[in-house]
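Bear in mind that the values in this text are calculations on the coordinates, not laboratory data. Note that the coordinates shown come from a computational prediction; the quantities given were computed from them, not determined experimentally. Here the Cβ is made from the backbone with ideal geometry for all residues, glycine too, and neighbour counts use every protein chain on show.
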Amino acid sequence: MRLYKNFLDGVPDYLARYYWWAYLWRGGIWFFDHQPVINAILFGQYDKLLKKTLAQVETKPGAKILQLTCVYGKLTPSLLSATGNEVHLCDAAVGQLNLARRKTLHVADRCHLARMNAESLGYRYDAFDQVIVFFLLHEMPAEARHNVYAEIARVVRPGGSVLITEYAATPQHHWLYRLIPFRWLLGHLEPFLPRFWREDVAEKLSDALKRNGKALEGKPAVEYCFARFYRIMRFNV
């Protein structure tokens, strides 16, 4: 039996198959949740990306926020500190939820954790004022991303927003991308990234919103980081 099958316990097949070592294995969870490791993975850009993301977080009193899946590092506690509002956090992996709970015990009354697959959320229609997605989409196959766009469009309410921090479009002129051995390695570790690089996120989200009787309000606000290698996108609905 292949090793990844030991980690299937209710998580999507692609997550166990390609990322068990990073998100499901106890040793991986311990290792990757160290700030220097996370910062190194993002080429020293973590704090910049976090700051730019938090600057777009909904602070209107009473707003309900959904963070779509857990992430390593200090995003979740920083998010709770930045907004003062309720934050709902869902993930398919129990280990990730346990890690998030340990980081948010001091604000447990405002941090609501649930085990859910991002492709099939248990929340009602128009439940949230803002949906935050931080480096998730590039780790999903195209069909899974399609389902996630649909769920985001379903649960965000008109007048709300979607905040996506991710890789930018194919960075053909970036010095890292032009290093063929690096590009091969990144594509090996992140097997769904090459296709995500070519995906029009605004178009995909717009189509999903239309299927739910909603629409984007104007063009997304986009900020870039690390010479357009990463981007922070805010979509108003």
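Restricting to the stretch 147-167, give me the number of residues that are acidic (Asp, Glu) and either crowded, with 23+ Cβ neighbours inside 10 Å or in a helix (DSSP H, G or I) (or both).
1
Residue-wise test of (1) of a type in the set (Gly, Ala, Ser); (2) surrounded by fewer than 18 Cβ atoms within 10 Å (Cβ to Cβ); (3) without any contact (Cβ under 8 Å) to a residue 12 or more places away in the chain.
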| residue | (1), (2), (3) |
| --- | --- |
| 31 | no, yes, yes |
| 39 | no, yes, yes |
| 45 | no, yes, no |
| 48 | no, yes, no |
| 57 | no, no, no |
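Of everything in the stretch 212-235, what is surrounded by fewer than 17 Cβ atoms within 10 Å (Cβ to Cβ), touching a residue at least 60 places away in the same chain (Cβ under 8 Å) and in contact with a strand residue (DSSP E or B) (Cβ under 6 Å, 6 or more places away or on another chain)? Give them in sequence order.
Residues satisfying the conditions are 221, 223.
Consider the stretch 183-210. How many of its residues are in a helix (DSSP H, G or I) and closer than 20 Å to residue 19 by Cβ?
12
Filter the stretch 86-116 for residues that are free of Cβ contacts under 8 Å to residues at least 40 places away in the same chain and in a loop (DSSP other than H, G, I, E, B); which is farthest from residue 54 (Cα to Cα)?
Here the answer is 116.
What residue, of 45, 56, is more than 24 Å from residue 117 (Cβ to Cβ), touching a Lys or Arg at 6+ places or on another chain (Cβ under 8 Å) and among the polar types (S, T, N, Q)?
56
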